[in-house]
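To start, the structure under review is shown below, and the notes come after it.
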Amino acid sequence: MNKQVIIIASVFGMLAVILGAFGAHALKPLLDEAGLEVWKTAVSYHFYHTLALLFVSILPSGNTKAGNLAAGFFSLGILLFSGSLYLISAKEILNITQLSVLGPVTPIGGLFFILGWLSLVFVAIKSK
């Protein structure tokens, strides 16, 4: 069990619930349908990879270099992929017009998700 990863996953899970509820209640009257869909995508991937972090934390070999890489990649993916989508979907509300830089950030976050899953492949290969 990797205590640090469980703590990180717990914080990410709490934030996913808060942001999901915020989108469903506070943002619903403020965002158009497309903005809400982007928000929902951000929350979904946020949750999926929070669960992946928890999974990594309980693997017997999850505290290896590959396990730690997977946890780091999933965390970066949540921050970059979901974080950029949260900002993109709420840009009108936040009065931020200079968010064009976030367009490339989203796929970089997706790449970190892919690298996290690839790291889990190495965890499985190296496990006894």
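Nothing in this text is a laboratory measurement; each read-out follows from the coordinates by a stated rule. What you are looking at is a predicted structure, and each value in this text was computed from that prediction instead of being measured. Reconstructed Cβ throughout: ideal geometry from the backbone, glycine too, with neighbour counts over all protein chains shown.
Quick notes on this one:
- If you take all other residues with their beta carbon under 13 Å from the beta carbon of residue 28, and give Lys and Arg +1 and Asp and Glu -1, the sum is -2.
- Summed side-chain charge close to residue 71 - residues other than residue 71 whose Cβ falls under 13 Å, Lys, Arg +1, Asp, Glu -1: +2
- For the range 123-128, putting each phi into the Karplus relation 6.51 cos²θ - 1.76 cosθ + 1.60 with θ = phi - 60° gives couplings of 4, 5, 5, 7, 6, 8 Hz, in residue order, rounded to whole numbers and with x for Gly and Pro.
- Protection proxy ranking for 13-21, 69-77, 35-43, using the average of other Cβ atoms within 10 Å per residue and placing the highest first: 69-77, 35-43, 13-21.
- Listed from fewest to most Cβ neighbours within 10 Å, the set 112, 22 follows the order 22, 112.
- For the pair residue 122 and residue 15, label points projected 7 Å from Cα toward Cβ lie 2.4 nm apart.
- Note that the range 110-121 has calculated 3J(HN,Hα) couplings of x, 4, 4, 4, 4, 5, x, 5, 4, 4, 5, 4 Hz, one per residue in order, obtained from phi through the Karplus relation 6.51 cos²θ - 1.76 cosθ + 1.60 (θ = phi - 60°); glycine and proline are x.
- Proximal lysines to residue 126, defined as alpha-carbon separation beneath 19 angstrom and excluding residues fewer than eight positions away on the same chain: 65
- Annotation: Cα Rg of the range 3-126 relative to the compact-globule expectation 2.2 N^0.38 Å equals 1.12.
- Principal-axis tilt of helix 65-77 within the chain, Cα atoms, nearest 10 degrees: 0
- Between the Cα long axis of helix 33-58 and the first principal axis of the chain there is an angle of about 20°, rounded to the nearest 10.
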